[in-house]
Amino acid sequence: VSLESRLRSIVGGAHLIVERDVLATYQRDWTGRFHGEARCVVRPADTEQVASVVRECAAAGVALCIQGGNTGLVGGSTPMDGSVLLSTRRLDVVGDVDSVAWQVTAGAGVTLAGMQRRVRAAGLDFGVDFAARDSCTVGGMAATNAGGERVLRYGATRAQLAGAVAVLADGSVLTRMSGLPKDNCGYDLTGLLCGSEGTLGVITELRLRLVPLLRARAVALLAVDGTAAALDALRALRESLPALEAAELFFPAGLDLVLRHGDLPAPFPEPHPAYLLVECADLSDPAEPLLDAIAQLPGLRDATTSADASGRRKLWAYREQHTEAISAEGTPVKLDVAVPVSRLAGFVAGLPGTVLQAAPTARTVLFGHLAEGNLHVNVLDALDCADAITEAVLTSVAREGGSVSAEHGVGRSKARWLHLSRSAAEVAAMRALKRALDPAGLLNPGVLLPDVQPS
Ligand code: FAD
Ligand code: MLT
Ligand code: ZN
């Protein structure tokens, strides 16, 4: 009996996909840069089915690619040729919101937006948010330790995890869902799964911490002289605005693409060297304190603010539409790096030159999450120089004491450069964990540790 037949008997005929045209929709990543040919897609409905699928693949010695919303930007959810692609999208049940513990249980395949709707209806909110919300899944967010636009207030996904259920490579199930805020009994396996990018287990459920629902919001888009001025403004705003929740940086090159592809009006009568979008959220209207704080900022070139929902959305569009606008221009080489904020301005200034040395005709578009020194480096018109660009940019990041992956993960695209951000001893410890939990190397081979292949 073929592996496909055995998988079909676990998930039912409708959820084992072998048709080439349907398979195609799972086999390319969001950016269009990565592609692989899976032998089939399997869509289990619950943890038990996931465990059975994993056991069958292990018995057949066939590798598994784990895919949630397929919005990842480092090629981690793209299948290795000949692997079985396990889609988590049917694991989409959200449990009741526990408004005493401020927690909720969600299946790994629940989208961020779906979960937000549920918890907001119960008067609470989730601490992580970003533009892929309609498609990315909470399982994928945990697997990548996704960051996004609220890290300055609430931290990244790891900080929101109170527990998880995961299926390991041998089909055994780890269940840690008590959600106890105090529970110090050895290794933090939930924390270990977070950021493991599908290489240690399949996350099937999560116990998520929630935060207060702050409906009163105000957004300001500030035009500033450059990165250093944006950091000065952020420092001042943070001191006077405890309700500050987001601080996002972008530049004229990115704004031009957003205006063109999104058909939006320019936010200011003339272009400026850099833009800082900030948002405050509180129980009572934060517009006045935000306006007061902005009025105190020295050297501001221009500013526009909004406190009503539609105005706020319009201002956020200038920032959130960067990813789509860049992709509308062509397939970018995407790098997601962090440097210490004290070095950010110098790094930004030097970056276009660093890229041009590796790819003389490239266009570089930068934007990012200012408070964490997290810069999204998008290089257009230079896909054939991807390795040289990656090498040049990531080496310069390492020189600054930064990280080669701030929030997107390592995936396939940056696996060869992991050593720039992790010591030999750290990589050896990661390999030992991988060997212990997935000795045959069947879970997401080629992701994170590129030379670990199925044995
Ligand atoms: P996928 O892309 O399907 O998978 C990502 C990785 O996780 C893969 O390695 C996959 O194998 C693994 N994985 C997925 N589900 C599971 C599971 N249940 N168990 C084990 N492993 C699993 N990211 C940020 O951090 N911050 C941002 O601000 C941000 N903005 C974005 C904006 C846009 C427009 C887009 C397209 C992407 C953005 N991303 C951002 C990247 C992406 O959305 C996140 O990495 C997200 O967490 C991926 O979720 P996903 O469900 O799509 O995962
Ligand atoms: C974002 O902050 O919008 C992203 O992480 C997506 C990207 O880097 O394109
Ligand atoms: Zn980001």
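The values are calculated or read from the model by the stated rules, or taken from the named source; none is laboratory data. Remember, predicted model here, so these are calculated numbers, not experimental data. Because the Cβ atoms are built from the backbone with ideal geometry, glycine has one as well, and the counts that use them run over all protein chains shown.
Residues of region 274-319 being assigned to a helix (DSSP H, G or I) and of a type in the set (V, I, T), which ones?
Taking region 274-319 and keeping what is assigned to a helix (DSSP H, G or I), we get 287-295, 309-319.
Answer for region 274-319, where residues must be assigned to a helix (DSSP H, G or I) and of a type in the set (V, I, T): just I294.
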| request: Return the only residue of T190, T144 being touching a residue at least 60 places away in the same chain (Cβ under 8 Å) and under 26 Å from R435 (Cβ atoms). | output: T144
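For region 334-383, name all the residues that are among the β-branched types (V, I, T) and away from ligand 1 (no atom under 16 Å from the Cβ).
First, pick out the residues of region 334-383 that are among the β-branched types (V, I, T): 337, 339, 341, 348, 354-355, 361, 364-365, 377, 379.
Those that are among the β-branched types (V, I, T) and away from ligand 1 (no atom under 16 Å from the Cβ): V339, V341, V348, T354, V355, T361, T364, V379.
Take the conditions within 16 Å of ligand 2 (Cβ to nearest atom) and closer than 25 Å to A146 by Cβ and apply them to A309. Does it pass? Working first, answer last.
Details: within 16 Å of ligand 2 (Cβ to nearest atom): no; closer than 25 Å to A146 by Cβ: yes.
In short, no.
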| Among V93, V100, V84, which is away from ligand 2 (no atom under 16 Å from the Cβ), modelled with pLDDT of 95 or more and buried (at least 17 other Cβ atoms within 10 Å of the Cβ)? | V84
| task | Check region 350-362 and report whether any residue there is more than 14 Å from ligand 2 (Cβ to nearest atom), touching a residue at least 40 places away in the same chain (Cβ under 8 Å) and over 30 Å from E245 (Cα atoms). | result | yes
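Here is a yes/no grid of residues against (1) of a type in the set (V, I, T); (2) in a strand (DSSP E or B); (3) touching a Phe, Trp or Tyr at 6+ places or on another chain (Cβ under 7 Å); (4) more than 16 Å from ligand 3 (Cβ to nearest atom):
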{"position": "V365", "(1), (2), (3), (4)": "yes, yes, no, no"}
{"position": "H376", "(1), (2), (3), (4)": "no, yes, yes, no"}
{"position": "C385", "(1), (2), (3), (4)": "no, no, no, yes"}
{"position": "S396", "(1), (2), (3), (4)": "no, no, no, yes"}
{"position": "V410", "(1), (2), (3), (4)": "yes, no, no, no"}
{"position": "V427", "(1), (2), (3), (4)": "yes, no, no, yes"}
{"position": "R431", "(1), (2), (3), (4)": "no, no, no, yes"}
{"position": "K434", "(1), (2), (3), (4)": "no, no, no, yes"}
| said: For a quick check of your reading: which strands (runs of 3 or more DSSP E) sit entirely within region 61-178 and have at least 1 residues that are touching a Gly at 6+ places or on another chain (Cβ under 7 Å)? | reply: 64-67, 103-107, 161-167, 173-176
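Going residue by residue through region 29-38, is there one that turns out to be assigned to a helix (DSSP H, G or I) and not basic (K, R)? Before the answer, list the steps.
Kept after step one, since they are assigned to a helix (DSSP H, G or I), are these residues of region 29-38: none.
Within region 29-38, none of the residues are assigned to a helix (DSSP H, G or I) and not basic (K, R).
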| said: Show the residue pairs meeting these rules: Cβ distance below 9 Å; 6+ apart or different chains; first residue within region 304-320 and under 18 Å from P269 (Cα atoms) and modelled with pLDDT of 95 or more; second residue charged (D, E, K, R) and in a helix (DSSP H, G or I). | reply: S306/R312; S306/R313; S306/K314
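Let's see how each residue does on (1) within 21 Å of A169 (Cα to Cα); (2) at pLDDT below 95; (3) more than 11 Å from ligand 1 (Cβ to nearest atom); (4) buried (at least 21 other Cβ atoms within 10 Å of the Cβ):
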residue: E19; (1), (2), (3), (4): no, no, yes, no
residue: V42; (1), (2), (3), (4): yes, no, yes, yes
residue: A45; (1), (2), (3), (4): yes, no, yes, no
residue: V50; (1), (2), (3), (4): yes, no, no, yes
residue: A60; (1), (2), (3), (4): yes, no, yes, no
residue: A63; (1), (2), (3), (4): yes, no, yes, yes
residue: L73; (1), (2), (3), (4): no, no, no, yes
residue: T78; (1), (2), (3), (4): yes, no, no, yes
| Output for region 87-112, where each listed residue is in contact with a helix residue (DSSP H, G or I) (Cβ under 6 Å, 6 or more places away or on another chain) and either of a type in the set (D, E, K, R) or in contact (Cβ under 8 Å) with a residue 60 or more places away in the chain (or both) | T88, V97, V104, A106, A108
| message | Can you pull out every residue in region 320-347 that is in a helix (DSSP H, G or I), within 16 Å of ligand 3 (Cβ to nearest atom) and farther than 18 Å from A406 by Cα? | response | E324, A325, I326, S327
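Go through region 218-244 and count every residue that is aliphatic (A, V, I, L, M), outside any strand (DSSP E or B) and under 25 Å from A309 (Cβ atoms). Talk me through it step by step, then tell me what you get.
Let us first name the residues in region 218-244 that are aliphatic (A, V, I, L, M), namely 218-224, 228-231, 233-234, 236-237, 241, 243-244.
So of that shortlist, the ones also outside any strand (DSSP E or B) come out as 228-231, 233-234, 236-237, 241, 243.
Keeping just the survivors that are under 25 Å from A309 (Cβ atoms) gives 233-234, 237, 241, 243.
Within region 218-244, residues that are aliphatic (A, V, I, L, M), outside any strand (DSSP E or B) and under 25 Å from A309 (Cβ atoms) number 5.
Under the condition of being polar (S, T, N, Q) and surrounded by 22 or more Cβ atoms within 10 Å (Cβ to Cβ), which residue from region 360-404 is farthest from V447 (Cα to Cα)?
Looking only at region 360-404, we keep the residues that are polar (S, T, N, Q), and these are 361, 364, 374, 378, 390, 395-396, 403.
From what's left, surrounded by 22 or more Cβ atoms within 10 Å (Cβ to Cβ): 364, 374, 378.
On the way: T364: 26, N374: 22, N378: 21 Å.
Ranking the candidates gives T364 first.
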| request: Filter region 144-174 for residues that are over 22 Å from W102 (Cα atoms), crowded, with 19+ Cβ neighbours inside 10 Å and either within 14 Å of the chain's Cα centre (by Cα) or not aliphatic (A, V, I, L, M) (or both) and give the result. | output: T144
| request: Out of the residues in region 405-455 that are of a type in the set (V, I, T) and more than 12 Å from ligand 1 (Cβ to nearest atom), state the one that is surrounded by the fewest Cβ atoms within 10 Å (Cβ to Cβ). | output: V427
